[in-house]
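Asks: First, the structure itself, so that you have it in front of you.
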Amino acid sequence: MTAAVVVACILQRGAAIRSAGAYLRGLTRKAEAGEFSLGPISMSQINSRLNEKRRA
């Protein structure tokens, strides 16, 4: 898993994460099991940027 992906995940869910270490371990387990997908993260980032542009 690349550092950029990890940072994007953390930033996206920053308010909901109680323990960064536990969150990272969970991401690692999902990646190892092949359950981790960048699709939802990418779409969330794209949608948030589009919403920011609409507000501006």
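The values are calculated or read from the model by the stated rules, or taken from the named source; none is laboratory data. Computed from a predicted structure; not experimentally measured. Note that we place each Cβ from the backbone using ideal geometry, even for glycine, and neighbour counts take in every protein chain shown.
Asks: Restricting attention to the range 11-25, and to residues there that are outside any helix (DSSP H, G or I) and of a type in the set (D, E, K, R), which single residue is surrounded by the most Cβ atoms within 10 Å (Cβ to Cβ)?
Replies: Arg13
Asks: Moving on to the next point. Please list, ordered by first then second residue, the pairs with beta carbon atoms under 6 Å, 6 or more apart or interchain, first in the range 13-24 and within 16 Å of Ser44 (Cβ to Cβ), second modelled with pLDDT of 75 or more.
Replies: Ile17/Tyr23
Asks: Among (1) of a type outside the set (Lys, Arg); (2) at pLDDT below 75; (3) under 10 Å from the mean Cα position of the chain (by Cα), where does Ala4 come up short?
Replies: (2)
Asks: Would you please list the contacts, defined by Cβ atoms under 8 Å and residues six or more apart or on different chains, that run from a residue in the range 42-56 that is under 16 Å from Arg13 (Cα atoms) to a residue that is surrounded by 10 or more Cβ atoms within 10 Å (Cβ to Cβ) and of a type in the set (A, V, I, L, M, F, W, C)?
Replies: Gln45/Ala8
Asks: Separate question: In the range 12-38, which residues are under 13 Å from the mean Cα position of the chain (by Cα) and among the hydroxyl-bearing types (Ser, Thr, Tyr)?
Replies: Of everything in the range 12-38, those that are under 13 Å from the mean Cα position of the chain (by Cα) and among the hydroxyl-bearing types (Ser, Thr, Tyr) turn out to be Tyr23, Thr28, Ser37.
Asks: Another question, then. Test each condition in (1) loosely packed, with under 14 Cβ neighbours inside 10 Å; (2) assigned to a helix (DSSP H, G or I) for Ala8 and report the one that comes out false.
Replies: Unmet for Ala8, out of (1) loosely packed, with under 14 Cβ neighbours inside 10 Å; (2) assigned to a helix (DSSP H, G or I): (1).
Asks: So which residues in the range 26-41 are at pLDDT 75 or above and either farther than 19 Å from Ile10 by Cα or not in a helix (DSSP H, G or I) (or both), if there are any at all?
Replies: Ala33, Gly34, Glu35
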